[in-house]
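Shown next, in structure tokens, is the structure this report addresses.
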Amino acid sequence: MDDLATTHGTTRWIQAQADHLTDAVSVGGITVDEGLRIEITELRRAVRALFARAVDPAPPSSADARRPMPANQALAHLNTVAAREPVVPQLNWPGQGTPPVARLLSAESDPHTRLVAALARAAIEFLSSPQREQLRACTAPRCVRYFVRSHGRQEWCKPSCGNRARAARHYQRQRLVASDDSTTP
């Protein structure tokens, strides 16, 4: 199910990301309209195209195998969206013995612009980090997610996908056995 298919679903998804976005924007003040939903889904399309490029030569997610956005267009879109919000780094150093913390300060007042730009910056940060090397497309049937592999043998984004993949293999083996039995005299 696509969480971003409706404005209501997009609102729920944004609220679920609140902890990740606290430095960029207050999600409580965001009202999702169709324009914002479309901006987020177009950004997601660009990010997924770049994720597909990052996992290459392994196959991309099944959702991205059919008609991915060209990589150069995806890069341009991601960078353009990130640049919508001019930000400056700010150093906060509370006191002796406390390590300094850097954060981005924005003068942008539009929460929609801040949100979409923050999502684009997060994608840029991830794609330029060493974690990108652990990015994988989930191999479970009907799953379209990417995930960051946490151990060497991980093939699925979550346990339920692993169960679905194992069940699919089991049913495939059973069909092969049944078809062999029906052709044996």
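Enumerate the residues in the stretch 36-64 having an amide nitrogen under 14 Å from the point lying 7 Å beyond the Cα of Arg149 toward its Cβ. Flagged as within label range: 54-60.
Between rounded, prolate and oblate, where does the chain land on the alpha carbon gyration tensor, with a ≥ b ≥ c its root eigenvalues, rounded for a/c under 1.5, else prolate if a/b exceeds b/c?
On the way: a/c = 2.42, a/b = 2.03, b/c = 1.19.
The shape class here is prolate.
Expressed as a whole percent, the accessible surface of the stretch 71-185 that belongs to carbon and sulfur atoms is 55, based on a 1.4 Å probe. Amide H to amide H distances under 5 Å link Arg145 with Cys138, where only residues 5 or more positions off or on other chains count and H is placed in the peptide plane.
Using Cβ point charges alone (K and R +1, D and E -1), the dipole size of the stretch 37-185 about the Cα centre works out to roughly 500 debye.
For the stretch 2-69, carbon and sulfur atoms together expose 50% of the accessible surface, with a 1.4 angstrom probe and every protein chain in place.
Think of the chain as having a plus end and a minus end, set by charges on the Cβ of Lys, Arg, Asp and Glu; of Phe126, His112, Ala137, Ala137 sits farthest toward the positive end of this dipole. In this structure the amide hydrogen of Leu135, modeled in the peptide plane, comes within under 5 Å of the amide hydrogens of Arg149, none closer than 5 places in sequence on its chain.
With axes computed from alpha carbons, what is the tilt in degrees of helix 71-82 against the longest principal axis of the chain, rounded to the nearest 10 within 0 to 90? Tilt relative to the chain: about 30 degrees. Rounded to the nearest whole Hz, the Karplus-based 3J(HN,Hα) values (6.51 cos²θ - 1.76 cosθ + 1.60, θ = phi - 60°) of the stretch 148-164 follow the sequence 9, 5, 9, 8, x, 9, 5, 10, 10, 6, 7, x, 5, 5, x, 4, 5, with x at glycine and proline.
Give me the accessible area per residue for the stretch 1-149, probe 1.4 Å, as a whole number in Å².
Dividing the accessible area of the stretch 1-149 by its residue count gives 60 Å².
The values are calculated or read from the model by the stated rules, or taken from the named source; none is laboratory data. Model, not experiment: these values are computed from the prediction. Heads up, the Cβs are rebuilt from the backbone with ideal geometry, glycines too, and the neighbour counts pull from every protein chain shown. To get the accessible areas, we keep the full protein, side chains included, count just its heavy atoms, and leave off ligands, DNA and RNA. Shrake-Rupley method; radii C 1.70, N 1.55, O 1.52, S 1.80 Å.
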